[in-house]
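The values are calculated or read from the model by the stated rules, or taken from the named source; none is laboratory data. These numbers come from a predicted model, not from an experiment. Positions of Cβ are backbone-derived with ideal geometry, glycine not excepted, and every protein chain shown enters the neighbour counts. Keep in mind that these areas ignore ligands, DNA and RNA; they rest on the heavy atoms of the full protein, side chains included. Shrake-Rupley method; radii C 1.70, N 1.55, O 1.52, S 1.80 Å.
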Amino acid sequence: MKIAVEGCMHGELDIVYDTLRKLEEAEGIKIDLLLCCGDFQAVRNTDDLRCVNVPLKYRTMNSFWKYYSGQAVAPYPTIFIGGNHEASNYLWELYYGGWAAPNIYFLGFSGVVKFGNIRIGGLSGIHKQHNYHSGHYERPPYNEQTIRSVYHVRHYDVLKLMHLKEPLDIFLSHDWPLGITEYGNWQKLIRAKKHFEEEVNSRTLGSKPAAELLNKLKPPYWFSAHLHCWFPAIIQHGENGPTTKFLALDKCLPGRNFLQVIDIPSNPGPHEIQYDEEWLAITRRFNSIFPLTRRRFTMRDEQLDTQDDREWIRNKLNTRGFKPFDFVQTAPSFNPSNPVSNSSITRSCRNLQTESFLQLLELPYLLDSSNSEGVSFVNG
């Protein structure tokens, strides 16, 4: 299976898909899947654009809206995580993961799916310690503070990933795992990016939660973006342990290293994106302690037992099937002939995909909760 990996998309789907088509023609290959490491910018309309934390000069519609509206169709199955420049209101609708557009799947704030027999996990957002133990308290319309904090990684989402026991093939994060520069040519990195030197030398460049996940999950491949440069590294886990090939990719600009194609042995196709049984069991087990306020969320290190949930999920999926629920539009698409939105305030919306997913797992819908007491401590 040939998998293309892209760094920061910044809404330039047309350019990335066109580059892959040209690559296929030039190399005589077929790309089976595209992965994107964040800053995807699934912007459907001008209301969404107001929820993207970027300077005004960068607030442009770009091309995702074409794929959302059906004017264009993604030529490759596409899976993406969130970064720090996203239409956060739309991604919140799909907190657990789901189709952002036909053939374009958001992995969720944290998540795992299967593509054929390849298991892909990911963590959206970037790490900021002051928000790490908060709940997901942000709701649109965002203010100057929440438009930033909404994409900060939360302990709750990392904790769910730390409960994975079965091996992953690929992991995606937006920011780099802390300390990753020690496993690659950091001297070359700081020659190209001189402002990284202090953080590299003080071992503060990157995300501590991502490093903890790397140490726990030990996937064969880990891809990141965020810092807009190319950086490969190889991590040996213990003396005789497995290795992880790490690669950070650049943003989608001419002459930049924003794409990499890897070849992974897989079962014969056709391949499709499917729910992951273990991940759904973890999601079901953890939903009752979903923290939704600013209050500090912490949890002891012991593992929660998901075995009963696992058997329950298996029976459900064997009956229903493993394909995610179908894509549903929840907002009007951008119209170039009438580009000005009539809406003055962007509010959250219930996405039928998310509602159906929660009904499948027999879980309550909590994403529009604004008066929840939250969770300050859970002892398992």
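More than 23 Å from L13 (Cβ to Cβ), among the basic types (K, R), open to solvent by 40 Å² or more (accessible area, probe 1.4 Å) and without any contact (Cβ under 8 Å) to a residue 40 or more places away in the chain: does that describe R347? Please lay out each step first, then the result.
Values: more than 23 Å from L13 (Cβ to Cβ): yes; among the basic types (K, R): yes; open to solvent by 40 Å² or more (accessible area, probe 1.4 Å): yes; without any contact (Cβ under 8 Å) to a residue 40 or more places away in the chain: no.
No.
Results for (1) open to solvent by 10 Å² or more (accessible area, probe 1.4 Å); (2) among the hydrophobic types (A, V, I, L, M, F, W, C), shown as yes or no for each residue.
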| position | (1), (2) |
| --- | --- |
| V113 | no, yes |
| N117 | yes, no |
| G121 | no, no |
| H136 | no, no |
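Output the residues belonging to the range 214-262 that are open to solvent by 20 Å² or more (accessible area, probe 1.4 Å), closer than 18 Å to P167 by Cα and touching a residue at least 60 places away in the same chain (Cβ under 8 Å). Result: L217, single match.
The conditions of being assigned to a loop (DSSP other than H, G, I, E, B), touching a Gly at 6+ places or on another chain (Cβ under 8 Å) and open to solvent by 10 Å² or more (accessible area, probe 1.4 Å) are not met by N143. Across the range 15-44, the qualifying residues are those that are β-branched (V, I, T) and part of a helix (DSSP H, G or I), and the one among them that is farthest from G83 (Cα to Cα) is T19. In the range 1-27, the residues that are under 13 Å from P254 (Cα atoms) and of a type in the set (V, I, T) form no Cβ pair under 6 Å with any partner that is modelled with pLDDT under 95 and part of a helix (DSSP H, G or I), whether six or more places apart or across chains. Determine whether R284 is farther than 19 Å from L91 by Cα, open to solvent by 30 Å² or more (accessible area, probe 1.4 Å) and either acidic (D, E) or under 22 Å from the mean Cα position of the chain (by Cα) (or both). When the stated conditions are applied, R284 passes them.
State all residues of the range 13-65 that are charged (D, E, K, R) and either in contact with a strand residue (DSSP E or B) (Cβ under 7 Å, 6 or more places away or on another chain) or buried (at least 19 other Cβ atoms within 10 Å of the Cβ) (or both); if no residue qualifies, say none. Matches in the range 13-65: K30, D32, D39, R44, D47, D48, R50.
Residues that are closer than 20 Å to G7 by Cα, among the hydrophobic types (A, V, I, L, M, F, W, C) and either open to solvent by 50 Å² or more (accessible area, probe 1.4 Å) or touching a helix residue (DSSP H, G or I) at 6+ places or on another chain (Cβ under 9 Å) (or both) within the range 66-85 comprise just one, A74. Annotation: of all residues in the range 153-193 being over 18 Å from the mean Cα position of the chain (by Cα) and of a type in the set (D, E), the one that is most open to solvent (accessible area, probe 1.4 Å) is E182.
The residue that is least open to solvent (accessible area, probe 1.4 Å), among those in the range 295-315 that are assigned to a helix (DSSP H, G or I) and not β-branched (V, I, T), is D309. Just checking, how many residues over the range 50-100 are in a loop (DSSP other than H, G, I, E, B) and either over 16 Å from D326 (Cα atoms) or within 20 Å of the chain's Cα centre (by Cα) (or both)? Of the residues in the range 50-100, 28 are in a loop (DSSP other than H, G, I, E, B) and either over 16 Å from D326 (Cα atoms) or within 20 Å of the chain's Cα centre (by Cα) (or both). Scanning the range 238-261 for residues that are modelled with pLDDT of 95 or more and charged (D, E, K, R) turns up just one, K245.
Annotation note: of L94, L107, the sole residue that is open to solvent by less than 10 Å² (accessible area, probe 1.4 Å) and more than 26 Å from C229 (Cα to Cα) is L94.
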